[in-house]
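So the structure is just underneath, and the comments pick up after that.
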Amino acid sequence: LDYYITSKTIVMGTYDFSIRKFDPGKRAATRSMGGGVRQYMTDRLYFDLKAALDYIVSYDKTAYYKPMFSASLAGELDKRTTATLSFDKQYYTNSYSQDLFDYWQISASFAKQLLARLKFLVSGFYGNGKYIAQGIQDNLFGLNASMEYELTRRAKARITYSFSKTDSDQHSRDYTKNTTYAGLRMEF
């Protein structure tokens, strides 16, 4: 729910509900209620502040009330360039283990329209998190770079390279991952 106080100030209210279920395995549910504000500092630059209280029923049926916080600064540097800088702090159920992950993350993105049909995008993140039940702590780092070419108004070709790295206090969990992707997107 968004409410425009003025053309430069928007307040937001949110409610989210999600369930994550492992097969075989257990499930966890998260209910989140919060709010925030978007403030335009100029026509091209704004910041968002969001906070919520998450009610999480974990895989072992333990109930948690945990805070969520997000702050971001985003804007158009010029007519062809956009950039975003964000900070997030949250507990969440993840898709890799039946455990809650308490993490924080700093991320940034940059997009540049190089030519009328050619766009360059790059993003990265750094974060740290701890699995509540297992006590495992991970440091996370990643980069993503893409080139997108508009073939027609409804078709785009994209090539992407991604790098991610996890350093854990459990050395058997350390890994580095390199991924390349090429694809075509059609809009109807």
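Quick rundown of the values:
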item: Additional length obtainable on full extension of the chain from Met186 to Thr160, 0.36 nm per residue less Cα span; result: 7.7 nm
item: Among 142-150, 10-18, the order from most to least packed when residues are scored by Cβ within 10 Å on average; result: 142-150, 10-18
item: Gyration tensor (alpha-carbon) shape descriptor, segment 128-188, a/c threshold 1.5; result: prolate
item: Taking segment 36-183 and dividing mean pair separation by its residue count, relative contact order in percent (alpha carbons under 8 Å, at least six apart); result: 12 percent
item: Stretch gain in nm, segment Leu140-Ala71, where the contour uses 0.36 nm per residue and the Cα spacing is subtracted; result: 22.9 nm
item: Residue order for Tyr126, Tyr96, Tyr59 - accessible surface, 1.4 angstrom probe, largest first; result: Tyr96, Tyr126, Tyr59
item: Accessible-area value, Thr179, 1.4 Å probe, nucleic acids and ligands omitted, Å²; result: 60 Å²
item: Mean-position separation - Cα centroids, segment 149-170 and segment 68-142, in angstrom; result: 14 Å
item: Exposed trypsin sites (Lys or Arg not before Pro) absent: longest stretch of the chain, with sites in DSSP loops and at most 11 other Cβ within 10 Å deemed exposed; result: 80-152
item: Å³ per residue enclosed by the Cα convex hull of the chain; result: 157 Å³
item: Portion, in percent, of the accessible area of segment 56-166 that falls on carbon or sulfur, probe 1.4 Å; result: 59 percent
item: Difference of contour (0.36 nm per residue) and Cα-Cα distance, Tyr40 to Asp78; result: 12.1 nm
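The values are calculated or read from the model by the stated rules, or taken from the named source; none is laboratory data. Since we're looking at a predicted model, the values are computed, not measured. Cβ: placed from backbone, ideal geometry, glycine included. Neighbour counts: every protein chain shown. Just so you know, the surface numbers come from the protein's heavy atoms only, side chains and all, with ligands and any DNA or RNA stripped out. Shrake-Rupley method; radii C 1.70, N 1.55, O 1.52, S 1.80 Å.
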